Every structure is written in C-alpha cells, then in structure tokens.
Amino acid sequence: MANQLISCDDHMDLGQLPADLWTTRLPGALRHRAPRIEERDGQAVWICDGKVWGSWVGKPAASGSSRPVKPLYNAFDRAQIYDQSARRPAVAELRLADMDRDGVETQVIFGPIFQISTEDPELRQACYRVYNDWLMEFCTATPNRLIGVPMLPETPAAAVAELSRLAAKGGARQVTLMIANINPKLDDPAWEPLWSLLEATGIILSWHITVFIGRGNERAAGKAASVFENTKFFMGNFLEPFVDLFAWGILERHPKLRMVMAEAGTGWLPWLVEELDYRHWRLWEAKEFWADKGGSALETKPSELFKRQIYATFQEDRVAMSLVPFFGDGHLLWASDYPHPDSVWPNSWAAIDRRRDGVDEAATIVRPMKNIASPHTGRHFLQIPGPTNVPDRVLRAIAMPTIDHRGPEFAVLGQEIVAGMKRVFQTEENVVVYASSGTGAWEAALSNTLSPGDRVLMFETGHFATLWRQMATRLGLEIDFVPGDWRHGVDPALVEEKLADDKERAVKAVCVVHNETSTGVTSRIAEIREAIDRTHHPALYMVDTISSLASIDYRHDAWTVDVTVAGSQKGLMLPPGLGFNAISKKALAAHKTARLPRSYWDWETMLDTGRTGFFPYTPATNLLYGLREALKMLLDEEGLAAVFHRHARHAEATRRAVAGWGLEVLCADPREHSNSLTAVLVPQGFDADRLREIILDAFDMSLGTGLGRLKGKVFRIGHLGHFNDLMLCGTLAGVEMGLHRAGIPHRVGGVTAALEFLGSVLSE
C-alpha cells in the first residue's frame, strides 16, 4: 500500500456547517424560511420549518478544553481535541492538518448522513443546491486532496434536475443518494432518467448509510442495547435497494452505471450475491415457462454485474481484507470515516496494520480510490509533451547487444551520431553529447561559459525557464529575471531595451527557452538575435531547444546562437538519457576563461575524445544505437523540412479543435503558437487534472499536467515526435469524450474541425 492513504468515506456533518449557510445563500423568496441556528435547552440546533434537524457545534463548549461527559466518544475525543467550537472539519486548514496527522493524502467527503428535511419541495431542492455548491467551493482549497460528494434529492425528478445542474457546472465526480429514504422505490420507471444521466456523465452514484431511520425498539430505549439496535437499521438501508438493482434489471440495462456502497459493510455481500446467482439460475432453469410470458431480460449473472459495477468502502474490517478476490481489483475502497465515532482517525495506519496482520499479502492490496477501475485493451496513448512515443524500430535498435565503447565499431557510431546531430541543429560547429537529461545539458551550457557572479539575463516564459533560473542561481550567477505572464514568449524589443541599458556590458549571457514545454509558447529566436545585434552587445546567446529540436525549425548557425541545449526524449523520439550542446566558436572562447566549477560537463574533455568518436566517460551505448536509427528516420527518410511541416499541420489541427470546443489556447500570440504541444485552459472553476484523470481511466490516454502556477488550470496535448494524422485524431477524440464525461462546458465538433483541416491540407 502507498505511503499516503486515500480515504473514500469521510464527512462534513450538519453540526459543522457555517451558521449562515442557508440564510445568506438561498433565493430571496425562500430566505425567511431558511434553516437557521437557534438555541433549545442550552444547545445550539438547526431549525427549519419548525423542525429540529440536529445540533450545531459552532457555539463554544461550556466545558472549555476539558472533555464533557457524553454518551459516545467521537474521533476528536480519541485525539484529545475537546474544544470543537472551531468546526474543524469545515475549516480547510484544520481539516488538512488532521489528514496530515493521519497520513491521509485525499479525502472523499460525504455530507450530513440524513435527508434535508422539509415538506416543501421547492425549499428542499434549493437547500440541496446551496449545500452542494458550498461543499464544492470548500474543496477548491486543495482540489486534489478534498473531493466533495454532493447530495441528490430523494425523488426522481428532483434528483435528475440537481445532477444535470451539477454536470453542467462541472467538478462533481461522485454524488450520493440517501437510498433508504427515496420515494418511490427503485422498481419505479421514474428513476430511469437518473440512471441514463449518470451513465452519460460518468458521475458515480454513492449510497451511504443513513442513521436513525425507522422506529426504534421501545424495549431498548434508554438502555445500552439501543446502541446495538442501529445495526439493524444499517442493514435495512441497503438490503432492499441492493437486491432491487438486480431484480429490476437496473445494472443490466445500464452497464456504465457505477455505484459505491459507503459504510455498508462487506462481509455479508458474498453470500447475498451467491444467493442471487442461485436465484438467477433457477430463473433460467424455467426458461420455457418465462418464454410464454414474454421472456426475461435478466440475462447476466448477478455476480458478473456486481464485479463490473459495484464498489464498497470499508474501515477496520478484517473480513474485507480477505475479500479482494471476490470484489475484483480496485472495487474495495478503504475509508477512515473522519470525524465520526466509528472512525479510525487518527490511528488509520495502526488500524490497517492490525487488520492485515496474518492475512495473505496478495489479499491486502487495496487500490487507492480513483472511482474507476477499468481494464484497457489496445495501445496506451502517450500524449504528454515528452517523453514522447518511441518508434518500434528505435526500440529494436536500443535492444541491440552492447559493444565495447573503446573499440573501432563504437568510434564509427560516435562519429555518425555527431555528424547527424549537426544536421539537426543546422550547424557546422561543435556538438557534444552527454549521458544526461536536458537539465544536465543546461548545467553544461552555464558552467562552461560563465564565472561566479556573472550577470545573466533570463525571461520568465514558463515553468522550465524558472527552473533554469534556479539552477543558474545555485551555480552562483547573478540573475536579471524578467517577469512574464506565461502566455507570451520573450519580447525581442524588451531584450533590446535591457541590453541597450547595460552600458557597462555586465550581462554575460542571454538565456531563452525556445519552446516552453509548460505553456506551448515558442519564442522568436531569430528576432531576438536581431535585437541583440542591434545593441552590439557581446553577451552570449543561449537557447533551450529541449521540446523544439527536430520538431520546430531551429537554426543554430543562421541565428548565431552560441550554445544550444537539447535532450533526447522529445522530437528525437528516444527515451530520456541523452543531453546535447551545440557550441559556437564564441562560446568556446568564453570557455577558456570561465571559472565556474566543472568536471563531468567540461567541453574540452568531451571535444578532445569526441573528435575520434569516443567518450571520455562510459557512454549510453544503447541509446546511441537508438539515436542513430532516429536520425535516419528524421534526416534521410522524411527530411527535416517535412518533419517541420508535419508538426505544423498537427499543431494547427489541434488549435482548430480547441477553438471548435469553445475553449482557449494558453498561448496568447498566434505568432508564438507551438508546433510541439498545445496547452488548453479549462473554464474557471474546473480542474484540468480531474479531466486528465478521467481521460486516463476511461480511455487509457495520458495528457500533460499543468506545471507551477498552471496546476489544475491547463492540460497539455503533446503532438510531437513519432506521430501521425490518425494518432492525432484519436487523441482529439479522447479529449472531446473526456470533456463530456467531466462535465466541462464545451461545444461539440472540435474533432470535426480538425478532421476538416487535415483532409483539406492532404487534398492540396
């Protein structure tokens, strides 16, 4: 099990909600009847239409910091937190602190485990809407750690209306219906629109235990036995509706409908499912009998439906740990039940260890909840902006037997690689190949040309420009870091202004990221060179081409770049592991006087041995095999001009799809649109990472996440490297289906717009 837990059933109770939740948020016509806090017999309680809903803990406890005498301990008592007046679970900072204390990374948050009680349907639905909106807003504090589960009203039409609203608003992954209180029962066709809508949106339906329903046993009133009486109510919540799912064909008619039974217990389900299978067999044993009555639609065994569509949570349940094979992979979901009396918080890890002690290790693997556990067929779509897809023939080349890296055969390989990389960089100058990532190539560029205290001009175009700046700072350089909005590239006019103002010629280097992988913005390298030249400034010009080389036209010599940095894992179609520097004569001259410490990265050592095709250190021989094959594909078979044209076509088709969806490309200047990747903004209030998760789980496709300040705001579509039209069409189709499933507002037809563009270009 991972070091961080995902708890799939925690709570935001009625007593912890803001006192003015409904009085400030309900429509004006209903506000005078809003649920509100009143004092009854010295206790603050919620009142609505004259009914007491329950207590409210926002009033400071009379007992101060000592534990009051209560009939039941809760989780805070176990943790010796006696003053609950802060409403801890409803204060994001305190809730997160409680999660950290327990080693829980993410909580799935259910609301009050009772139905909103008022006889007026209009007021009831409005109260649900207000609560749901507040809960989702609360979770935006840290959307990857707090996952809210909105509540649906208990009647079909109202439930459909609220689910439709939530889907249009976006952000809801799961909803809950207090199944014990629904009216009518599940066999009523009025529920069909809800099942269909849940399928269409991909939102999961949860049924949570509802406490204190029904009539209590008078014999147990006031006695300890009353505590045990609730067990019968718990079972009653689930038994009838669970059987109805199978008996009335609900799961069979709606194969994409997924349900989580929260806090229902697990040990009783195997016998019940087996019994349903037996009854199903008896039904088909009398197939001729039912044929006379129009036949039966119940064709699938209940156990198959159960394993396909039902999930269940458990807490401290040794039986559950042994039922993984019965439930199926990923269908058992652990929960802490914070902050209820039944909770294992703040001792969750101890509870887990107790329950898996002595249980076969294979049966103790409980998958953290993603809400989806779908098997996938076919090939995974890797559409992040790098590492990119590696061609099969390159993989085969990498798998060749390793040779002696001091022998004559390797010398030929090394010389072929350098010659090919010069063609890719479009240079006649020196090229150095490192066994490293692109980050290593960054360090090589700086450490070989600069001295401690040197001033470097850098520009904040995105996450990777920021990381390059951090490295330069750690190396002891003085950085003039020009802030940016992450939507524009480097402004050549600003470069010219900065260098023109540098009368003392203190700036020793200008460092620019050509294609910012985090934003999909491509700076205009040739125009920046012209701006530098107009100032006659002697600063070195260094360019990061990690996500542009072999994808976007780049000319080291023609644009008079001094050091170009690159890596193997993007346009060159290799796994990570090779870093590159293309080096001008001016940069080599600077190397002679540079005083930053260097050893492994030293150009002189690399170039001395490189002229003979060898490396001074152990090279990544098998990656070089792959690079030789990739260079053959790029240079000799397709040709660089065609490679650049292909990338431009795919980028334009992607942008047309984004426009067709009614969404916005992050890059704000069309002149700077990237041909390697497209970063897409999701509407405000929606989580791009949730969209990525839905697409990965449903369609087995990986998209790039938002980095740094763009976390949760954008997703990135990589369309570089080993890529073709059909792969792009599949990628865009996956995005469009994911937008629909995630409930993100968009227009249909983005894929069609891309297809029309690709078709028209091919026909020219």
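Projecting the Cα positions of P150, F644, L540 onto the charge dipole of the chain (unit charges on Cβ atoms of Lys, Arg, Asp and Glu, taken about the Cα centre) puts L540 furthest along the positive direction.
In whole angstrom, the stretch 624-728 maps to an equivalent ellipsoid with semi-axes of 28, 17, 12, each derived as √(5λ) from the alpha carbon gyration tensor and ordered largest first.
What Kirkwood radius, in Å to one decimal, follows from the Cα pairs of the chain?
That comes to 30.0 Å for the chain.
Per residue, the accessible area of the chain comes to 42 Å² when a 1.4 Å probe rolls over the protein heavy atoms. Ignoring aspartates and glutamates fewer than eight residues from K586 along the same chain, the ones with Cα atoms less than 15 angstrom from its Cα are E428, E429, D533, D557, D562, E604. Take 37-45, 415-423, 393-401 and order them by the average number of nearby Cβ atoms within 10 Å per residue, most first; the result is 415-423, 393-401, 37-45. Once the convex hull of all Cα atoms in the stretch 497-578 is built, its volume per residue stands at 101 Å³. Computed log10 I(q)/I(0) for the stretch 495-539 at 0.20, 0.27 Å⁻¹: -0.65, -0.95, from the Debye equation with unit scatterers placed on every C-alpha and solvent omitted. Ligands, DNA and RNA left out, the 1.4 Å accessible surface of the stretch 416-514 is 47% carbon and sulfur atoms. With all pairs of separate Cα atoms included, the stretch 120-251 yields a Kirkwood hydrodynamic radius of 16.4 Å.
Take the solvent-accessible surface of the protein heavy atoms, probe 1.4 Å, and return the percent of it on the stretch 556-629 that carbon and sulfur atoms account for. Let's see the in-between values first.
Working: 1600 of 2750 Å².
Ligands and nucleic acids excluded, carbon and sulfur reach 58 percent.
Annotation note: GluC sites (Glu not before Pro) in the stretch 420-491 located in DSSP loop regions with a Cβ neighbour count of at most 10 within 10 Å are E428.
Quarter the surface of the alpha carbon convex hull of the stretch 567-684 and you get the mean projected area, 11.4 square nanometres. Using the Cα coordinates of the stretch 670-731, the gyration tensor eigenvalues translate into equivalent-ellipsoid semi-axes of 20, 17, 9 Å, sorted from longest to shortest. Here the Kirkwood formula puts the hydrodynamic radius of the stretch 553-620 at 13.7 Å, using every distinct Cα pair.
Taking the convex hull of the alpha carbon positions in the stretch 514-627 and averaging its projected area over all directions gives 8.4 nm². Measuring nothing but alpha carbons in the stretch 411-511 and taking Rh as the Kirkwood radius, the Rg to Rh ratio lands at 1.03.
Suppose we keep just the DSSP beta bridges with both residues in the chain; what percent of those would be antiparallel, to 5? Percent antiparallel among DSSP bridges in the chain is about 40.
Using a ≥ b ≥ c from the Cα gyration tensor of the stretch 369-455 (square roots of the eigenvalues), is it rounded, prolate or oblate, where a/c under 1.5 gives rounded and otherwise the larger of a/b and b/c decides, a/b for prolate?
Oblate, because a/c is 1.5 or more while a/b does not exceed b/c.
Would you mind checking K51/K223; K185/K256; K185/K232; K422/K498 for any pair whose Cα atoms are more than 24 angstrom apart? The pairs that break the limit, which is 24 Å between Cα atoms, are K51/K223; K422/K498. Relative to its residue count, the stretch 431-478 spans a Cα convex hull of 83 Å³ per residue.
The values are calculated or read from the model by the stated rules, or taken from the named source; none is laboratory data. None of these values were measured; they are calculated from a predicted model. Cβ coordinates were reconstructed from backbone atoms using ideal geometry, including for glycine residues, and neighbour counts include every protein chain displayed. SASA here: full protein model, heavy atoms, side chains in, ligands and nucleic acids out. Shrake-Rupley method; radii C 1.70, N 1.55, O 1.52, S 1.80 Å.
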